[in-house]
Amino acid sequence: MAPALRFGALLEAFEFVSSGGLGGCEAYLCTETSVIHWHSDFGDNEEVLPDDIDNSEKYIAIPHKNDLGLGKPLALEFAEEVLPRELHEVQEIFREPGAYGRLKELLDHHGMLHRWYEYESKALEQALRQWCTDREITVDG
């Protein structure tokens with residue numbers, strides 16, 4: 001059995017993967033050691049991925065936020081719960097590129113930006129913990 005994965009390490013890897021476009025930044029969890037291996041198509045890669053990284057029994061790809069429904073669906077859920085009168089506007093915001101910047105402007109205008117960050121953080125933690133549970137990964141912290 002692998003040692004417990006530190007939640008902070010998982011969160012850091014998740015943020016790395018989610019920072020790039022889909023596939024631009026990748027991280028893989030070794031199920032035997034709980035070591036996370038990182039790779040990016042951007043800049044210098046100091047770490048070389050293991051030769052057997054494609055072994056799905058040994059390595060699990062850390063998900064991107066879109067894999068966990070933490071992008072647009074979460075923003076729409078938040079708007080529906082917290083700013084139902086603005087739901088249509090939020091839906092319109094997501095029809096064009098640059099949606100998150102405009103969403104944050106709208107939320108700031110309504111004094112809800114801090115509440116959004118709390119909501120997003122809580123949803124992220126729940127989703128990552130559920131992701132681990134679904135894969136029988138023991139998490140510490």
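Observations on the structure shown:
- Subset tally (residues that are open to solvent by 50 Å² or more (accessible area, probe 1.4 Å) and outside any helix (DSSP H, G or I)) for region 131-141: 5
- Selection from region 109-121 of residues that are in a helix (DSSP H, G or I) and under 26 Å from F14 (Cα atoms): L113, H114, R115, W116, Y117, E118, Y119, E120, S121
- The selection criterion, being modelled with pLDDT under 90 and among the small types (G, A, S), does not hold for G8.
- The set of residues in region 78-98 being assigned to a loop (DSSP other than H, G, I, E, B) and loosely packed, with under 14 Cβ neighbours inside 10 Å consists of R95, E96, P97, G98.
- Set side by side, the residues S34, S19 differ, and just one is surrounded by 12 or more Cβ atoms within 10 Å (Cβ to Cβ) and over 26 Å from Y119 (Cα atoms), which is S34.
- Checking L113 against (1) touching a strand residue (DSSP E or B) at 6+ places or on another chain (Cβ under 6 Å); (2) among the aliphatic types (A, V, I, L, M); (3) more than 18 Å from I36 (Cα to Cα), the condition it does not meet: (1)
- The selection criterion, being in a helix (DSSP H, G or I), under 30 Å from C30 (Cβ atoms), open to solvent by less than 80 Å² (accessible area, probe 1.4 Å) and modelled with pLDDT of 95 or more, holds for L128.
The values are calculated or read from the model by the stated rules, or taken from the named source; none is laboratory data. Everything numeric here is computed off the predicted structure, so don't read it as measured data. Cβ sites come from the backbone with ideal geometry, for glycine too, and all protein chains shown count toward neighbours. Surface areas here come from the heavy atoms of the whole protein model, side chains and all, with no ligands, DNA or RNA. Shrake-Rupley method; radii C 1.70, N 1.55, O 1.52, S 1.80 Å.
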